[in-house]
1. Count, please, the residues in segment 93-110 that happen to be without any contact (Cβ under 8 Å) to a residue 24 or more places away in the chain and under 13 Å from residue 37 (Cβ atoms).
2. Specify which of the listed residues (25, 39) is farther than 30 Å from residue 153 by Cα, surrounded by 15 or more Cβ atoms within 10 Å (Cβ to Cβ), outside the structural domain of residue 143 (by TED's automatic domain parsing) and not acidic (Asp, Glu).
3. Given the conditions (1) outside the structural domain of residue 104 (by TED's automatic domain parsing); (2) more than 28 Å from residue 135 (Cα to Cα); (3) surrounded by fewer than 11 Cβ atoms within 10 Å (Cβ to Cβ), which single one is not true for residue 73?
4. State all residues of segment 17-30 that are at pLDDT 85 or above and under 19 Å from residue 110 (Cα atoms); if no residue qualifies, say none.
5. Residues in segment 118-148 that are surrounded by 12 or more Cβ atoms within 10 Å (Cβ to Cβ), in contact (Cβ under 8 Å) with a residue 24 or more places away in the chain, within 27 Å of residue 160 (Cβ to Cβ) and of a type outside the set (A, V, I, L, M, F, W, C): how many?
6. Return the total of residues in segment 46-83 being at positive phi and of a type in the set (Ser, Thr, Tyr).
7. With respect to residue 84, is the statement that it is outside the structural domain of residue 121 (by TED's automatic domain parsing) and at pLDDT below 95 true?
8. Is it true that residue 12 is more than 24 Å from residue 157 (Cα to Cα) and assigned to a loop (DSSP other than H, G, I, E, B)?
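The values are calculated or read from the model by the stated rules, or taken from the named source; none is laboratory data. Nothing here was measured: the structure is a model prediction, and the numbers come from that model. Positions of Cβ are backbone-derived with ideal geometry, glycine not excepted, and every protein chain shown enters the neighbour counts.
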Amino acid sequence: MGISSRLPFVFIPPVSAKLALQSGAVDAWATWGPYISDAKIADGAREIVNGGKLMSGLSYVVATEAALRNRRDDLTAYLRRFRAAHRWMLTHQDAYAEVWGRDVGLPLPVARDVVRGLVGTVVPLTPDIIAKQQQVSDFMAETRMVPRRLDTAGIVDSSFTFQP
């Protein structure tokens, strides 16, 4: 079956999607991080397209409105610690993979594969990052993965700088 832009995307929970791929009920599965690594290592699946050119590949730290209003100093301290921990992880990947894999229930080879892909940095939100996320939001609205277009700039707080 070919891919058509007229076909809607269908969300299937990851565990069900993995079973569908294993059983041959689907020919391909678009997913992320640990699920890709697990499918490659445990099932011999092959990565055929990397969504890095389709999606931003960015991850975000989120907070409630109340925390943004009342706990900014705590959030800033958390962001500094988070960035320091991420820097440590980049230079201690095997140690991090062992602990993280155990904590989230992933086999060590899968955790190592995921951690090798965590090469990003922790940075404040910039206009460029917000624009990249807007492109993802627009794509998701155009393909009906979400019911309507979101204004990314209206739902982010770019005032955190958390410089060391």
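1. 4
2. Of the residues listed, the single one that is farther than 30 Å from residue 153 by Cα, surrounded by 15 or more Cβ atoms within 10 Å (Cβ to Cβ), outside the structural domain of residue 143 (by TED's automatic domain parsing) and not acidic (Asp, Glu) is 39.
3. It fails just one condition, (1).
4. Hits for segment 17-30 are 17, 18, 19, 21, 22, 29.
5. 4
6. So the count comes out to 0.
7. It is false that residue 84 is outside the structural domain of residue 121 (by TED's automatic domain parsing) and at pLDDT below 95.
8. yes
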